[in-house]
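**Q** Pasting a structure below so you can have a look.
The values are calculated or read from the model by the stated rules, or taken from the named source; none is laboratory data. Keep in mind the model is a prediction, meaning the values are calculated, not measured. In this analysis, Cβ positions are derived from the backbone assuming ideal geometry, glycine residues included, and neighbour counts consider all displayed protein chains. Surface areas here come from the heavy atoms of the whole protein model, side chains and all, with no ligands, DNA or RNA. Shrake-Rupley method; radii C 1.70, N 1.55, O 1.52, S 1.80 Å.
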Amino acid sequence: VQLQASGGGLVQAGGSLRLSCTYSVSIGDIVTMSWYRQAPGKQRELVAAISSSGTTYSADSVKGRFIISRDNAKSTVYLNMNSLKPEDTAVYLCYARNWRQRDYWGQGTLVTVSS
C-alpha cells in the first residue's frame, strides 16, 4: 500500500478529528500531497494541499477550520479538522503526486459529523 489513510470516525458537530496519511518511500520524491473528499451524490473536491516546500492551500469551505501539515520524518501528512460541521461528512481521500507527475490515491476514510 503506497498511501494509507486513517483517522476517520463519527463526531458531533463542533468536534475535531485528525486524519493521517502515511506514504511509502516507493513513491519517490513527492511534489504535492492533498486531501480530497467526496460526499454521497457530490463530486470529489479538493480540501487541502501541501507542497514539498511547505506551501499550503485550503478550500474556502474549510479555511480557518482545517489545517494540513506534513512530517517528513514519519512520511505522514495530517489533516487537523476543527469545528466540524454536518456538511463536512464525506469520505476523505489522500492523494500524492511525485516528481514524475505520477498520481497516487489512498483508500478513503469516512468522516461522519452528526448534528
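**Q** With a 1.4 Å probe and all protein chains left in place, how much accessible area per residue does the chain have, in Å²?
**A** 54
**Q** Let me ask you something else. Can you tell me, using C-alpha contacts under 8 Å and at least 6 residues apart, the relative contact order of the chain as a whole percent?
**A** So the answer I get is 37 percent.
**Q** In whole Å, what are the extents of the stretch 17-115 along the principal axes defined by its C-alpha atoms, from largest to smallest?
**A** Taking max minus min along each principal axis of the Cα atoms, the stretch 17-115 gives 41, 25, 21 Å.
**Q** Can you give the FRET efficiency to the nearest 0.05 for TYR57 and SER115, using r as the Cβ-Cβ distance and R₀ = 25 Å?
**A** Efficiency for this residue pair is about 0.35.
**Q** Please report, in debye to the nearest 20, how large the charge dipole of the chain is about its Cα centre when each Lys and Arg carries +1 at its beta carbon and each Asp and Glu carries -1 there.
**A** Rounded to the nearest 20 debye, it is 60 debye.
**Q** Can you grab the distance from the C-alpha centre of the stretch 9-52 to the C-alpha centre of the stretch 53-112, Å, no decimals?
**A** 3
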